[in-house]
Structures are given as C-alpha cells and as structure tokens.
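Below is one structure; the comments refer to it alone.
The values are calculated or read from the model by the stated rules, or taken from the named source; none is laboratory data. For clarity, every value in this text was computed on a predicted model and none was experimentally measured. Glycine also receives a Cβ, built like all others from the backbone with ideal geometry; neighbour counts cover every protein chain displayed. Surface accessibility is based on the protein's heavy atoms, side chains included, excluding ligands, DNA and RNA. Shrake-Rupley method; radii C 1.70, N 1.55, O 1.52, S 1.80 Å.
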Amino acid sequence: MRRALRHVDEGTRRSQLLAVLEVHLVRTLKDVEGLGGIAVDVHGGTETLSFTTCLKHGKAAGGSCTVREHRNGEAPHVQGTTLPREDNEGFAHTGQHPEQPAGAQEGVVSHTGVGGLTLGGGMGWLSRLGGLTIDNLLGARVVTADGEALVASPSENADLFWAIRGGGGNFGIVTEFEFALHEVGPIIHFGLLFWSLDDGAAALRHVRDVIDTLPDDVNVMVGALNAPPAPFVPEQHQLRPGYAALVVGTGSPESHAAVYAALQGGVPALFDFTTPMPFVELQKMLDDANAWGLHCYDNGCYVDALSDDVINALTQHIPDKISPLSIVLFYRLDGAYSRVREDATLSAVGGPPGSQFS
C-alpha cells in the first residue's frame, strides 16, 4: 500500500509540475515573440523503439505512465514528459472493465519516452493489431511557437492534429497525449525460433511464407542477431550469430500455437522456446540490447517483400558483422497498420505504398 501511494503521489507531483511547466513555457514563448529576432529551439526525444506502456488494469512497463484522466475507462491522458523509471511497478489504473486489461500502442523497448515515439510514428508489437502509435492518438495538448496552449484533436485544431501525427517537430511542444486502448493481456504468448547462419536463407524463405497468412492477433518479427545469453538459450548457442523469428500472440493461445507450429515445420531450428508471459515483460525483453549509454548508429528502409533478393543480400553480409550487438530487424507492415487511410496522417511515416516490411 505504501508503495502504491508513493506512485500516486509521484504521479500527482508530475502532473502539477507539468501544469507549471506549461504556464512558464507559454509565458516564455510570448516574451521571446515580443523581443523579436530571437530563434528558440526546443529539443525533445525522437523515436527510437518504444515508450512506456499504459494499462487499463495492470502495471506500467518501463516506468510510471502518469494518467491525468480516464474518459469512459478507455482513453488515458499521458504526459508528454513521461520518462523512464527503474521501478517497473509504475502507475496502475483501472477503467470501467477491470476484468479486461488494455494496452496502448507502444514499441518494442520499454525505456523510450512517449513524446518521441508518438511524434515519430510509433511501431511496435501491436502494429498489426492496432496500427502505429499516431493511429491511436485521440488528442493532444500543444504549446505553439507563438505561446498558445491548444487542444489538437479531430474536432479542435484539426490541421494541427493531422500535422503532429507523423510530422515530428516544428509544430509545437506537446505536453499531453490522449490514446485509444486495445484489449490485450495481461498475459500474452511469446515464442522464439533461432537458426544458424548456414540455414538462414532457407529458414527466412519459410518464415516469409508463414507470415504472409498471419492473423491480426499474431505478430512475427524476423531478425539477424546473436542469440542472447539468457537462461532459455542452451549454453552452447549463447551469443551465437544467426537468424530468429520472434512470435507474439495477443489473442487466443490456439492462434499463437498454430503460427508457431507452422514456423517449426520448416528448417529445424538450433533451438526454440515458447511461453506465456505478462505483456509488460514482453515490453522489457529487448531493453538490455538497447540499454542507455550504448554508442549506436541505426538506419532503415522499406521493402516491398521479403524477396529472394532481399534474403540473399542479408545472408551474404550478416556473417561479416563483428559486434554481437549489431542487429537487423524486419517489421511486418500489414493488418491494422495497412487499414489506415493514406491521407489520415503524414504518409511519409508509413513508407511508400505497397511496402510490406520495414
């Protein structure tokens, strides 16, 4: 109880500080505007891989997800200054239907701030189920360059609302987000299959054929990586380079099991592992590989398909990688992601029309 009260108190203090910050931000921008000829540049986070998870019933992954209000038990208001916390218990909140947990659309790592993820697009484990993070944004509070604090939503300042969903910066400073939730968890189903470098091409072709028929409640991320030094990895394969399929099921156990069995039906994996796990633990699973303080460089592109040419290029160069931290991941772009109208948000977020992988 003491622990829970501490989180509520911290959430209240964060809300109060945010309100004060917004007032001072408005005043500062108006003062600067009055001086004239002074350029002001406010930097926030850019999208990396994830943000903290908000659950309608459960725990917050990766840190305290401060919620100011819960409209009809469905739409949490998340502060633009939401930051990571070492304590993953976080701030829990319950909607009108506590028996049915719900999660916001987040990425795949639990320690990226909500502001950067949302304004950058936001791709993650739930993209096939619910689209990008910006596709689930219902509204936001934005302080504009002239010092006005505005609400941006489909019914208020609709042009600004359209712009911040994929436009990144230069439209204002977002101090609060309101998100739609999706029914998920608290327990999901996870599976991992890992193949050797020698079997990579054949394994990837088989994975490609399986994921072409995925149900919306299953997502498969394909990657070239080193096997983690984790307890579920046989010791002789830990840190071994190869190729993997990460299989996440947010629906029935049977739906996940059917996809997992289909993936097992191709080239035999060096090892595989499947288990139910809490949704918030899924969000933390890749944290160590993306820890703060690593000196990294990343880049990306879109491809129309996981074609033989793409597979051949990947399997030709992956054996030459040096660092065990180097990784290539393919995100499937279909399901709910593809059902959003192209003009609903800035099209640059989703890549060229027809792209199936990022």
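Of all residues being out of contact with any Ser or Thr (no Cβ under 9 Å at 6 or more places or on another chain) and in a loop (DSSP other than H, G, I, E, B) in segment 158-203, which is farthest from E342 (Cα to Cα)? Just the residue, please. Here the answer is D198. A201: out of contact with any His (no Cβ under 8 Å at 6 or more places or on another chain) and surrounded by fewer than 17 Cβ atoms within 10 Å (Cβ to Cβ), yes or no? When the stated conditions are applied, A201 does not pass them. Being touching a strand residue (DSSP E or B) at 6+ places or on another chain (Cβ under 6 Å), among the β-branched types (V, I, T) and within 16 Å of A203 (Cβ to Cβ) narrows it down to one residue among V303, V328; which is it? On inspection, the qualifying residue turns out to be V328.
Look at (1) assigned to a loop (DSSP other than H, G, I, E, B); (2) out of contact with any Leu (no Cβ under 8 Å at 6 or more places or on another chain) and you find that P324 fails only one, number (2).
For segment 269-280, check the following and say yes or no: at least one residue is in a loop (DSSP other than H, G, I, E, B), touching a helix residue (DSSP H, G or I) at 6+ places or on another chain (Cβ under 8 Å) and surrounded by 18 or more Cβ atoms within 10 Å (Cβ to Cβ). Looking through segment 269-280, at least one residue is in a loop (DSSP other than H, G, I, E, B), touching a helix residue (DSSP H, G or I) at 6+ places or on another chain (Cβ under 8 Å) and surrounded by 18 or more Cβ atoms within 10 Å (Cβ to Cβ). In segment 117-129, the qualifying residues are those that are open to solvent by 10 Å² or more (accessible area, probe 1.4 Å) and in a helix (DSSP H, G or I), and the one that is farthest from L333 (Cα to Cα) is L119.
Go through segment 145-186 and count every residue that is touching a residue at least 40 places away in the same chain (Cβ under 8 Å), of a type outside the set (F, W, Y) and either open to solvent by 10 Å² or more (accessible area, probe 1.4 Å) or within 19 Å of G120 (Cα to Cα) (or both).
Filtering segment 145-186 for residues touching a residue at least 40 places away in the same chain (Cβ under 8 Å) gives 145-149, 162-169, 173-186.
If we keep only those that are of a type outside the set (F, W, Y) as well, we get 145-149, 163-169, 173-176, 178, 180-186.
In the following step, the residues that additionally are either open to solvent by 10 Å² or more (accessible area, probe 1.4 Å) or within 19 Å of G120 (Cα to Cα) (or both) were identified as 145-146, 148-149, 163-169, 173-176, 178, 180-183, 185-186.
Looking only at that region, the number is 22.
Scanning segment 235-246 for residues that are surrounded by fewer than 21 Cβ atoms within 10 Å (Cβ to Cβ) and in contact with a Leu (Cβ under 8 Å, 6 or more places away or on another chain) gives H237, R240, P241.
A262 falls short of the stated requirement of being assigned to a helix (DSSP H, G or I), surrounded by 13 or more Cβ atoms within 10 Å (Cβ to Cβ) and free of Cβ contacts under 8 Å to residues at least 12 places away in the same chain. Can you say whether Y302 is of a type in the set (S, T, Y), open to solvent by 70 Å² or more (accessible area, probe 1.4 Å) and under 30 Å from W162 (Cα atoms), as far as the supplied structure shows? The answer is yes for Y302. Selection of first residues in segment 211-227 that are charged (D, E, K, R) and of second residues that are surrounded by fewer than 20 Cβ atoms within 10 Å (Cβ to Cβ) and in a loop (DSSP other than H, G, I, E, B), restricted to Cβ pairs under 7 Å at least 6 apart or on distinct chains, gives the following pairs, ordered by first then second residue: D217/G251.
Pairs are defined by a Cβ separation below 6 Å, a sequence spacing of at least 6 or placement on different chains, a first member in segment 287-316 that is under 20 Å from A244 (Cβ atoms), and a second member that is of a type in the set (D, E) and exposed (fewer than 10 other Cβ atoms within 10 Å of the Cβ); no pair meets this definition.
The set of residues in segment 204-217 that are crowded, with 23+ Cβ neighbours inside 10 Å and either β-branched (V, I, T) or part of a loop (DSSP other than H, G, I, E, B) (or both) comprises V207, I211. Within segment 233-259, the residues that satisfy the criterion of being free of Cβ contacts under 8 Å to residues at least 12 places away in the same chain and either in a strand (DSSP E or B) or over 26 Å from the mean Cα position of the chain (by Cα) (or both) are E235, Q236, Q238. Within segment 130-144, being buried (at least 18 other Cβ atoms within 10 Å of the Cβ) and under 30 Å from N219 (Cα atoms) holds for G130, G131, L132, T133, I134, D135, N136, L137, G139, A140.
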